[in-house]
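Only the coordinates and a few stated rules stand behind these numbers; no lab work does. Here the structure is a predicted model, which means the values were calculated and not measured. In this analysis, Cβ positions are derived from the backbone assuming ideal geometry, glycine residues included, and neighbour counts consider all displayed protein chains.
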Amino acid sequence: MDYKAETIRELEKIPWFQEISPDHLQKIADISRVRHVRAGEVLFREGDVEDYLYIVVEGRVALDIFIPHRGKIRIYTVEPMDVFGWSSVTPIIRKRTAGAVAVMDGSVVAIHSEKLREACDEDHDLGYIVMRRLANIVASRLLVTRLQLLDMFAQPEVKNGK
């Protein structure tokens, strides 16, 4: 199997990469790989060293965090064409802030984070595209988190069955 051709085919399906130049697509493909996952497979655990940014091509991936006295809580389900592990591309975060497990069989594109940062530093046009798209993801995740917090605090705690 030609892994590079498979990677380019999968990248071309992702809206993120449909409007970039062939040269930029090749740069991304050179630092990426397609990873086939099975339901229940752990992609990474909270606290792991960050090494890849992921994009779901097929299937779903659950993101969860550990909350003391409550255990693991699912905070987000990543759908096809959505990105997760985005904080690995930031210059500060070096440990996973959540865990990721495949909810169903599928595939993801794994992009090497450090090499992506280097490619963005070397080619500012590519860097602008990547960082603008990551900013949109961060903004949408903040909105989802805000809505979750509003929902959580909108329901007053019931005391003594009242």
Report task. Return a single number: how many Lys pairs in the chain, at a sequence separation of 8 or more or on separate chains, have alpha-carbon atoms below 20 angstrom apart. Result -> 7
Query - Structure-derived Cα extents along the principal axes in Å - corresponding label in [x] 54, 32, 24; [y] 68, 37, 23; [z] 64, 33, 26 - result: [z]
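Pop the C-beta distance of ILE92 and VAL144 into the FRET formula with R0 = 35 Å and round what comes out to the nearest 0.05.
Working: r = 22 Å, r/R0 = 0.61.
Between ILE92 and VAL144 the formula returns 0.95.
Could you tell me which GluC sites (Glu not before Pro) in the range 1-64 are loop residues by DSSP with no more than 11 other beta carbons within 10 angstrom of their beta carbon? Intermediate results must be reported in sequence, preceding the final value.
Values: sites: GLU6, GLU10, GLU12, GLU19, GLU41, GLU46, GLU50, GLU58; in loops: GLU19, GLU41, GLU46, GLU50.
In loop regions of the range 1-64 (DSSP not H, G, I, E or B), the sparsely surrounded GluC sites (Glu not before Pro) are GLU19.
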Query raised in the report: How far apart, in nm, are two points set 7 Å out from the Cα along the Cα-to-Cβ line at PHE66 and at GLU79?
Result: 3.1
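Around VAL42, with a cut-off of 13 angstrom between Cβ atoms, what is the net charge of the other residues, counting Lys and Arg +1 and Asp and Glu -1?
Details: positive: ARG35, ARG38, ARG45, LYS72, ARG96; negative: GLU41, GLU46, ASP48, ASP64.
That sum, taken over residues with Cβ under 13 Å, equals +1.
What is the order of SER140, SER113, fewest Cβ neighbours within 10 Å to most?
Details: SER140 12, SER113 22.
The order, fewest Cβ neighbours first, is SER140, SER113.
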Report summary line: Over the chain, the sum of -39500 (n - 2.57) across DSSP H runs of at least four, divided by residue number and rounded to 500 deg cm²/dmol, gives at 222 nm -12500 deg cm²/dmol
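Test of the criteria: in the range 1-83, which trypsin sites (Lys or Arg not before Pro) are in a DSSP loop and have at most 10 other Cβ atoms within 10 angstrom of their Cβ?
Working: sites: LYS4, ARG9, LYS13, LYS27, ARG33, ARG35, ARG38, ARG45, ARG60, ARG70, LYS72, ARG74; in loops: ARG38, ARG45, ARG60, ARG70.
Taking the range 1-83 and a limit of 10 other Cβ atoms within 10 Å, the loop trypsin sites (Lys or Arg not before Pro) found are ARG38, ARG70.
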Report summary line: Taking 0.36 nm per residue of separation between ARG133 and ASP105 and subtracting their Cα-Cα distance, the length gained on full extension comes to 7.4 nm
Requested in this report: Taking only Cα atoms and a 10 Å spring cutoff, compute GNM fluctuations for the chain and point out the largest among ILE55, ILE111, ILE73.
Outcome: ILE73
